[in-house]
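Where a number appears in this text, it was derived from the coordinates with a stated rule and is not lab data. Computed from a predicted model, the values in this text were never measured in an experiment. When we count neighbours, we look across all protein chains shown, and the Cβ atoms used for this are built from the backbone with ideal geometry, even at glycine.
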Amino acid sequence: MKVLPKEEFKVLAEAYDWSLDRAQGFIDGENSRLRGKKPSQHVLIGIDEYSLGFRAGYFERRNVLASRTAGIPSPI
């Protein structure tokens, strides 16, 4: 995995109100997905902050909310 300076993880963690471990897991998960690497069992079933972040980065979500609310007008 690409090693980012701890300051970059801190910026990501502060932006999303995450712990540093979750931010690092997110970056590692994205990198694994983009490189086509299979995730380990630990990150797939772990409930620690790193594993939660890894899964969030690895399993890319489409904009589910937009498709669910397609015909509903905005309240604003």
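Which order do the peptides 46-59, 10-23, 29-42 take when ranked by the mean count of other beta-carbon atoms within 10 Å per residue, highest first?
In decreasing order of mean packing, 46-59, 10-23, 29-42 become 46-59, 10-23, 29-42.
Run down the aspartates and glutamates and flag those whose C-alpha is under 16 Å from the C-alpha of Lys37, throwing out any fewer than 8 positions away in its chain.
Leaving aside aspartates and glutamates fewer than 8 places away in the same chain, those within reach of Lys37 are Asp28, Glu60.
Can you list the residues of region 6-49 with backbone N under 15 Å from a point 7 Å past the Cα of Glu60, pointing along Cα to Cβ?
Inside the label zone: 27-38.
Largest first and in whole Å, what are the equivalent-ellipsoid semi-axes of region 3-49 based on the Cα gyration tensor, each being the root of 5 times an eigenvalue?
20, 13, 8
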